[in-house]
Amino acid sequence: MEKILASIQYFFVDLVTDLVRWPFWWYSKGLILVTGWIFHSISNYSRSLALWVWIKNIFVPMFGARDIQSRLISFFVRLVQIIARSFMLLIFSILMIIALAAYMIFPVFCVYGLINQLIL
Amino acid sequence: MDDQNGKSIPQGTPGVSVGARFWFFENKISGGSLNAREAKLLGQRLILIASLLVTVFLLALAIFGLVIDYQENPSYLFQIDTYFTASPYMLAMWFGLLSISFIFFRAFEGRTKKKFMPKVKPKATLNVSYLPSLDIVEKHGNIGDLLSTDAWETVKAAYELADKGGHSQVLPVHLFAASLSSTQVRTLFMRLGIGFDDIKDALRRNMNTIEKGSTDFGTKARTIISFAFLRALKNDRQAVSSIEIFAECYAQDEFLQELLYSIEIEKEEVENTIEWIIINDRLQERYHQFRRAAGFKSTGAMNKAYTSVETPFLDRVSEDLTLAAVRGRLPMLVGRDREVEELLRSIEGGRQSVVLVGAPGVGKKAIIYGIAERMAAERVPEILQDKRLVKISVPHIVSADAGSGAEERMLYALQEVGRSGNIVLIIENIDQMIGGMAGGVDLSPILASELEKGYTFVIATTTPQGYTSAVERSVLAQQFTKIQVEEPSRNEAIHILESKIGAIENINKVIFSYPALAKIVDLSERYMHENYLPEKAILLAQEVGNLVMNRGQEWAKITEDDVAELISQKTNIPMTDVSAEEGAKLLNLESKMHERIIGQEEAVKAVSSALRRARVELRSEKRPIANFLFLGPTGVGKTELAKTTAEVYFGNEESMLRFDMSEYQDKSSINRLIGMQGEGGLLTEAVRKNPFSLLLLDELEKADPDILNLFLQVMDDGRLTDGAGRTIDFTNVILIATSNAGTQYIQDEVEKGISLEVIKEHLLEEELRTIYRPEFLNRFDGVMVFKPLTQENVEAIAHLMMQKVAKRLEAKGITFTANDQAIRELAEKGYDPKFGARPLRRVIQENVDNAVAEFLLQGKVSRRDTLVLEPGGAIRVEKAAEL
């Protein structure tokens, strides 16, 4: 019984402190956490695109074909690949940054909606 | 301050210094603080549940409102103004959305607060130390933050246990008892095959002696927590869990060690079982990490840079190991860090090919799979990154087209490797492709010349024999760095086996206990000398799993006895614990042997004692089970006793390898016994194929003295090297040599009535000196002198022989009887002091067998009739009553 009472007490005390800490956490540690996630997923995506490997090998012929023509074709194919992959990475990064922005705006937006409702 | 055992307890705060930070258990532990901690956790859980409920309710309300208000005009739902118009439902929506972000905060705040185990520099020496005052350290960390949930449960339960008993201190014994209810420690007890009931009473008695007072979670308990933290650090664990607390209670407390020792649990067993539980945890952890990392590896033949070339021919004769690793088909490597590091270093250092040299089954393939796994996760030096590990099958290359054109095919495959540029070749048993081993073709020059060009390198494997006989002498030797792969030690083998047991358990639906595991390793080490650890242990574990599964009970527990039973089946050697029945049988071995052997009490007694010693494992494991020399005239029962011994110990008298040493009288006959290069020896092959046998060397005195030296080594070391360089194990044979040397002397002296003891002494010191060297005679566990048979002995033997005749006739449905007088007459006819019982056999043949044969052929006797041997040697037929 004592324990349940203590739990209820903790429930209210913690709820109040949490409500106070929540906005501060959101824009400090929470922001760092989410930013970390976003960077991580961008870097994972770029790793699976292997963009850097393509850039490094731009002058290396593909499929081991080493004559001049193949080298030329290979260079252009690689160029196209690099451009396409860069573009994909860019789009993905933009989406991720939008997500980050959404994270930052979300509470403000909700509060705005709420205040809006209360005033009307 | 002294503890119960009178040992002084160190003063101060126990903890571990990692770098500049001092880690100690900071939390105050008291009834109040533990309850508060629990209440707080409960309160926080309530907050999360409440906010979830509120959110769901608000959002449901909002959706309900939107549906009600706009079901006529759903197009309004796409206008942003809709959500900003005044309405209680919209108020609920905004509130609900806001509380989603509150839940997000509640759920992920833990992540930003989570503490991680400190990083330890390699080779840093860590220890538990005691600080008199915490002021002298600048930075400190709280071990309490790193305790897992179940570790906290243990701490709490330990405190409550001490508190309930009114004990003044929380002691290791409390933490120990408390840890027993955690899942990990329960598993540990299950593996060890023990239960709480086994130690309950002793634990309670010990706790009754603890000093009373108000309970304090003091230095002793905190020391255990610090040690548990240290153990977790050393094992690279992610948190301190109850298994570490259990382990350190046991390691630090003498009473607990005694306690488990009293129920036959040794320290090493506990440590290895703890390791088992940690290995399982780590395998899971590693698997998840690996799956994440392997996701980035390209799975086709093409590398990420698209520089490689298709390799259609190579693909037909090879297997892509990196691909298999990415798909999770390869087993995980346990241990072997030294070999893997050495391998990577030599590849990285000089782009040099390597050859792993190790006996079959020691884990060369496992190391290669380990490399493939690392390549799949790209945790390898740059030279191996974005590459494929391809295992080429030499038999495929050689066998196509009946072997012709093998060189071309090899060259073609290698050129594909060269063109593709992203392949590292694996060649297993490289010795097979050298010097015509591969169907008469030597592929090594081609490989050597291609490797010299430097476009690729190879990881090969071979056995030590293969290395010395083929690789070392071939052109390849310069191209390869040799890496020795040793057989793992007993404990390493147990750990490797522990990592494999999970799969075996799941396939066969059985549970292995730790003692069974240790027994598997020990018995395979002792009785399977032809194979190597860990493979033989893994194969044996699979067999035991299968054996127990076939008994029909699901999830049955495998014990030591199951393992012993399997080995007994394989070897015919009794190995399970001696049952009461068998114990009685063993104690009466003499009378059992006398059912076949007449007289010769001393010899029978000596052999029986040796067999008893062997059965209860009191013999040396480095020598044959027993070495005996039987001396005595011919026909007195020497060979018969050897046969009886084989039957008693190995289950049947056919488990006997008999060598007539009169056939090995010159020096050249050594080669016949031990063989030469390319040809097995008669003795060594026989023992290699039947390692569990009785080895009978008849007429040893006739053998060449050099051959005696061979047996000197056998008797001393229990092994012999054959002509091909293989070591043959003799530790499971019973060696019995018979000799007629000194026969005349024995007969004369026995006639004079001299005691056997005196005769034996004189024989050893005088008569045999000329034939055997003293050190040779000393190697025998027993030299038994067989007495010449007396008239009474021969009569008893005649009885035995008549029983045999009766048995043979019984198969034909004919009863045979002979009265004592008739048998005595036979014995008198067959008695000759010079030849023992041998003439008796002839007499019985002539007088009984021949007559019976005639009766049978003449049809005078048929089924159900009785033959009676009467005094005077006549045989009478008693016709059975007509039916």
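On the basis of being without any contact (Cβ under 8 Å) to a residue 12 or more places away in the chain and in a helix (DSSP H, G or I), does B:Gln257 make the cut? Criteria met by B:Gln257. Here is a check on your reading of the model: is B:Thr817 open to solvent by less than 40 Å² (accessible area, probe 1.4 Å), without any contact (Cβ under 8 Å) to a residue 60 or more places away in the chain and of a type in the set (S, T, N, Q)? So B:Thr817 does not fit the description; no.
Scanning the stretch A:63-120 for residues that are within 32 Å of the chain's Cα centre (by Cα), more than 9 Å from chain B (Cβ to nearest Cβ) and of a type in the set (Gly, Ala, Ser) gives A:Ala84, A:Ser86, A:Ser93, A:Ala99, A:Ala101, A:Ala102.
Inside the stretch B:480-499, can you point out the residues that are part of a helix (DSSP H, G or I) and open to solvent by 30 Å² or more (accessible area, probe 1.4 Å)? Scanning the stretch B:480-499 gives B:Arg490, B:Asn491, B:Glu492, B:His495. Working only within the stretch B:164-212, note down all residues that are farther than 19 Å from B:Glu248 by Cβ, among the charged types (D, E, K, R) and part of a helix (DSSP H, G or I). Across the stretch B:164-212, the qualifying residues are B:Lys164, B:Asp197, B:Asp198, B:Lys200, B:Asp201, B:Arg204, B:Arg205. Which residues, counting only those in the stretch B:673-706, are more than 30 Å from the chain's Cα centre (by Cα), closer than 22 Å to B:Gly718 by Cβ and not hydrophobic (A, V, I, L, M, F, W, C)? Hits for the stretch B:673-706 are B:Gly675, B:Gly681, B:Asp698, B:Pro705, B:Asp706.
On the given criteria, is B:Phe776 of a type in the set (Phe, Trp, Tyr) and modelled with pLDDT of 80 or more? Judged against the criteria, B:Phe776 is a match. Taking the stretch A:27-41 as the range and being at the interface with chain B (Cβ under 7 Å from one of its Cβ atoms) and open to solvent by 90 Å² or more (accessible area, probe 1.4 Å) as the test, only A:Lys29 passes. Considering the conditions (1) open to solvent by less than 10 Å² (accessible area, probe 1.4 Å); (2) more than 17 Å from the chain's Cα centre (by Cα); (3) small (Gly, Ala, Ser), B:Gly552 is excluded by exactly one of them, (1). Among residues of the stretch B:75-115 being basic (Lys, Arg) and either open to solvent by less than 50 Å² (accessible area, probe 1.4 Å) or within 7 Å of chain A (Cβ to nearest Cβ) (or both), the one that is farthest from A:Gln117 (Cα to Cα) is B:Arg111. Of the residues making up the stretch B:156-177, those that are touching a Leu at 6+ places or on another chain (Cβ under 7 Å) and within 16 Å of B:Tyr250 (Cα to Cα) are B:Ala158, B:Pro172, B:Val173, B:His174, B:Phe176, B:Ala177. The residues of the stretch B:755-774 that are under 20 Å from B:Glu601 (Cβ atoms) and loosely packed, with under 14 Cβ neighbours inside 10 Å, listed by number, are B:Ser755, B:Glu757, B:Val758, B:Glu761. Per the listing B:Glu26, B:Glu38, the residue uniquely within 26 Å of B:Ser168 (Cβ to Cβ) and either in a strand (DSSP E or B) or within 44 Å of the chain's Cα centre (by Cα) (or both) is B:Glu26. Residues of the stretch B:94-147 that are acidic (Asp, Glu) and more than 48 Å from the chain's Cα centre (by Cα): B:Asp135, B:Glu138. When residues in the stretch B:345-374 are screened for being among the aliphatic types (A, V, I, L, M), open to solvent by 10 Å² or more (accessible area, probe 1.4 Å) and over 13 Å from B:Thr462 (Cβ atoms), 1 of them pass. Looking only at the stretch B:236-262, residues that are open to solvent by less than 40 Å² (accessible area, probe 1.4 Å) and closer than 20 Å to B:Asn142 by Cβ come to 8 in all.
Of B:Ile49, B:Ile63, B:Ile68, all but one fail to be within 13 Å of chain A (Cβ to nearest Cβ), without any contact (Cβ under 8 Å) to a residue 24 or more places away in the chain and not charged (D, E, K, R); the exception is B:Ile49.
Residue pairs whose Cβ atoms lie under 6 Å apart, separated by 6 or more positions or on different chains, with the first residue in the stretch A:10-26 and at the interface with chain B (Cβ under 8 Å from one of its Cβ atoms) and the second of a type outside the set (D, E, K, R) and open to solvent by 60 Å² or more (accessible area, probe 1.4 Å), are A:Phe11/B:Leu46. Answer with yes or no whether B:Ala62 is open to solvent by less than 90 Å² (accessible area, probe 1.4 Å), assigned to a helix (DSSP H, G or I) and modelled with pLDDT under 85. So B:Ala62 fails the test.
Of the residues making up the stretch B:121-144, those that are open to solvent by 80 Å² or more (accessible area, probe 1.4 Å) and assigned to a helix (DSSP H, G or I) are B:Asp135, B:Ile136.
Being assigned to a helix (DSSP H, G or I), without any contact (Cβ under 8 Å) to a residue 12 or more places away in the chain and more than 26 Å from the chain's Cα centre (by Cα), is that true of even one residue in the stretch A:39-59? So far as the stretch A:39-59 goes, no, none of its residues is assigned to a helix (DSSP H, G or I), without any contact (Cβ under 8 Å) to a residue 12 or more places away in the chain and more than 26 Å from the chain's Cα centre (by Cα). If you go through the stretch B:688-704 and keep only what is under 20 Å from B:Phe630 (Cβ atoms) and in a helix (DSSP H, G or I), you end up with B:Leu700, B:Glu701, B:Lys702.
For the residues B:Asp716, B:Asp722, B:Asp748, B:Asp729, the requirement of being of a type in the set (Asp, Glu) and either touching a Ser or Thr at 6+ places or on another chain (Cβ under 6 Å) or closer than 22 Å to B:Lys643 by Cβ (or both) singles out B:Asp722.
The residues listed here are B:Lys605, B:Lys622, B:Lys689; of these, the one that is of a type outside the set (A, V, I, L, M, F, W, C), under 27 Å from B:Tyr527 (Cβ atoms), without any contact (Cβ under 8 Å) to a residue 24 or more places away in the chain and open to solvent by 10 Å² or more (accessible area, probe 1.4 Å) is B:Lys689.
Taking the stretch B:625-641 as the range and being polar (S, T, N, Q) and either open to solvent by less than 10 Å² (accessible area, probe 1.4 Å) or in contact with an Asp or Glu (Cβ under 8 Å, 6 or more places away or on another chain) (or both) as the test, the residues that pass are B:Asn627, B:Thr639. Note on the stretch B:19-35: among residues that are closer than 14 Å to B:Glu153 by Cα and of a type in the set (A, V, I, L, M, F, W, C), the one that is nearest to the other protein chains (Cβ to nearest Cβ) is B:Leu34.
Given the condition within 30 Å of B:Phe95 (Cβ to Cβ) and either at pLDDT 85 or above or open to solvent by 30 Å² or more (accessible area, probe 1.4 Å) (or both), answer yes or no: does some residue in the stretch A:85-96 qualify? Checked the stretch A:85-96: at least one residue is within 30 Å of B:Phe95 (Cβ to Cβ) and either at pLDDT 85 or above or open to solvent by 30 Å² or more (accessible area, probe 1.4 Å) (or both).
State whether the residues of the stretch B:728-746 include one that is touching a residue at least 60 places away in the same chain (Cβ under 8 Å) and surrounded by fewer than 16 Cβ atoms within 10 Å (Cβ to Cβ). No, that holds for no residue.
The values are calculated or read from the model by the stated rules, or taken from the named source; none is laboratory data. Just so you know, these numbers come straight off a predicted model, no measurement behind them. Neighbour counts run over all protein chains shown; Cβ positions are idealised from the backbone, glycine included. The protein model used for the area step is the full one, side chains on, heavy atoms only, and it has no ligands, DNA or RNA in it. Shrake-Rupley method; radii C 1.70, N 1.55, O 1.52, S 1.80 Å.
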